[in-house]
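Worksheet: the structure to be examined is printed underneath.
The values are calculated or read from the model by the stated rules, or taken from the named source; none is laboratory data. Predicted, not measured: the structure shown is a model, and the values here were computed from it. For neighbour counting, all protein chains shown are included, and Cβ atoms are generated from backbone atoms with ideal geometry for every residue, glycine included. Heads up: the accessible areas ignore ligands, DNA and RNA and are worked out on the full protein's heavy atoms, side chains in. Shrake-Rupley method; radii C 1.70, N 1.55, O 1.52, S 1.80 Å.
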Amino acid sequence: MKKVFLALAAVALLATACNKAPEAKIKVYGWQGEGGNTTEETLQADFSKWKSHGLDGMCYNAGHDLQKIQRAAKVAHANGMEYHAWIPAMLQGGMDSTLYAVNRKGEPAYEVQAYVPYYKCLCPNHEGTAEFLTDLYGKVADIPEVDYVHLDYIRYVDVILAKGLWEKYGLVMNEEYPTADYCYCDKCVADFKAATGIDIKSVEDPSKCKEWAQFRCDLITKLVDRIADTVHAKGKKVSAAVFPGPDSHAKWMVRQEWNKWNIDAFFPMNYNDFYLEDATWVGEVTKEEVNSVNGEKPVFSGLFICHDWQNKANIKDPEGHGLIPSEIEEAVRGSMESGAAGVALFTPGNMTDEHWKAFDKAIHQTYTVKK
């Protein structure tokens, strides 16, 4: 009888263990680009490390190289992580010159770039642009191990830079300047006039023309949806890195009305330092983002990490700024209490031991969405 009792007790303990609720952990992604010396071994070392720190998936940029994309996707899956093939869209070099966007001064982006030389931005209104991108993302979607294609730079050039970047480029951007205002190519001008009756080149201040702003938002939305249709037809999903908002920033800064896009997950880049805001702003803007999609699609709040955080005050380049370890909890908590489905790190490679310690504490909590 004693043996039977002990056996029953053991079964009860086993059942209790099996029925124990899993440890609470929010969903976490990382954005990371591939380095020139990357191998399967270095990928394994990095991905396994980041998995151990709680990452569930990688948005990984291996360029257009299908073999490198497949290699990284296989390593991600081997480590139990979802794989988003992160590939910039509108910034492309070496394309037909007729496909590039033209600024208000009449300068094509393949000849003259705003801010930085790599801002060679395509025009979303050209059939050749759509064909190139649907073909590119379609081939990536054909890779069995790829779970999502991840769109980046699916937008116009920043007609207004984030305020934290003004000093870096020696600018005060209180208005839309012609050099960074796109696209005024013949097709865009003609199509807009046909749709609205407005000759945008005769408008004294195009930035005040709401129809012109909406026209360009709609062109990006149309292009995104066309890419999404191609990827979805192959049984894969689409995610995208987007500007915060969309109303507060994305729509008027880069013409991203992303809450209207037919994609599966949004990764807004809630990089507070770029907007001269503290970590509490992350939660505030996440609330707007979640509400913009009516909570119907997942929003993963993007967090920008300061690697050299102990020297942050002395770093002149704002792109070297970001969250320090003591701000991690606030950024994660604010995101989750605002309804985010999780967070994304830019980049896990910039996380220090102190960041990981704070992050581990922050992601292993249960958060209640605030109304």
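Out of the helices (runs of 4 or more DSSP H) lying entirely within the range 1-98, which hold 2 or more residues that are modelled with pLDDT of 95 or more and within 24 Å of Tyr137 (Cβ to Cβ)? Give the steps one after another, and end with the answer.
On the way: elements: 2-19, 40-52, 66-78.
Because the criterion is at least 2 residues that are modelled with pLDDT of 95 or more and within 24 Å of Tyr137 (Cβ to Cβ), the helices (runs of 4 or more DSSP H) in the range 1-98 that meet it are 40-52, 66-78.
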Filter the range 243-269 down to the residues that are open to solvent by less than 40 Å² (accessible area, probe 1.4 Å), farther than 17 Å from Glu176 by Cβ and in contact (Cβ under 8 Å) with a residue 60 or more places away in the chain, then identify the one that is farthest from the chain's Cα centre (by Cα).
Ile263
Residue selected from the range 270-293 under the condition part of a loop (DSSP other than H, G, I, E, B) and open to solvent by less than 50 Å² (accessible area, probe 1.4 Å), by the criterion nearest to Pro325 (Cα to Cα):
Ala279
So which of Ala101, Ala109 ends up being of a type in the set (Gly, Ala, Ser), out of contact with any helix residue (DSSP H, G or I) (no Cβ under 9 Å at 6 or more places or on another chain) and over 17 Å from His64 (Cα atoms)?
Ala109
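With respect to Ala228, determine if the residue is assigned to a strand (DSSP E or B) and either more than 23 Å from the chain's Cα centre (by Cα) or hydrophobic (A, V, I, L, M, F, W, C) (or both). Lay out the reasoning, then the answer.
Working: assigned to a strand (DSSP E or B): no; either more than 23 Å from the chain's Cα centre (by Cα) or hydrophobic (A, V, I, L, M, F, W, C) (or both): yes.
When the stated conditions are applied, Ala228 does not pass them.
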Looking at Tyr115 and the list (1) within 19 Å of the chain's Cα centre (by Cα); (2) part of a loop (DSSP other than H, G, I, E, B), which single condition is not satisfied?
(1)
If we ask which residues in the range 294-304 are crowded, with 17+ Cβ neighbours inside 10 Å, closer than 14 Å to Glu337 by Cβ and not polar (S, T, N, Q), their number turns out to be 1
Could you please find all residues in the range 177-192 being touching a helix residue (DSSP H, G or I) at 6+ places or on another chain (Cβ under 9 Å), crowded, with 18+ Cβ neighbours inside 10 Å and touching a residue at least 24 places away in the same chain (Cβ under 8 Å)?
Asp181, Tyr182, Cys183, Tyr184, Cys185, Cys188
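Could you tell me whether the range 301-309 includes any residue that is acidic (Asp, Glu) and not in a loop (DSSP other than H, G, I, E, B)?
Restricting attention to the range 301-309, the residues satisfying the condition of being acidic (Asp, Glu) are 308.
Restricting the remaining residues to those that are not in a loop (DSSP other than H, G, I, E, B) gives none.
Within the range 301-309, not a single residue is acidic (Asp, Glu) and not in a loop (DSSP other than H, G, I, E, B).
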Going through (1) of a type in the set (Val, Ile, Thr); (2) in a helix (DSSP H, G or I); (3) surrounded by fewer than 19 Cβ atoms within 10 Å (Cβ to Cβ) one by one, Ile198 fails only at (2)
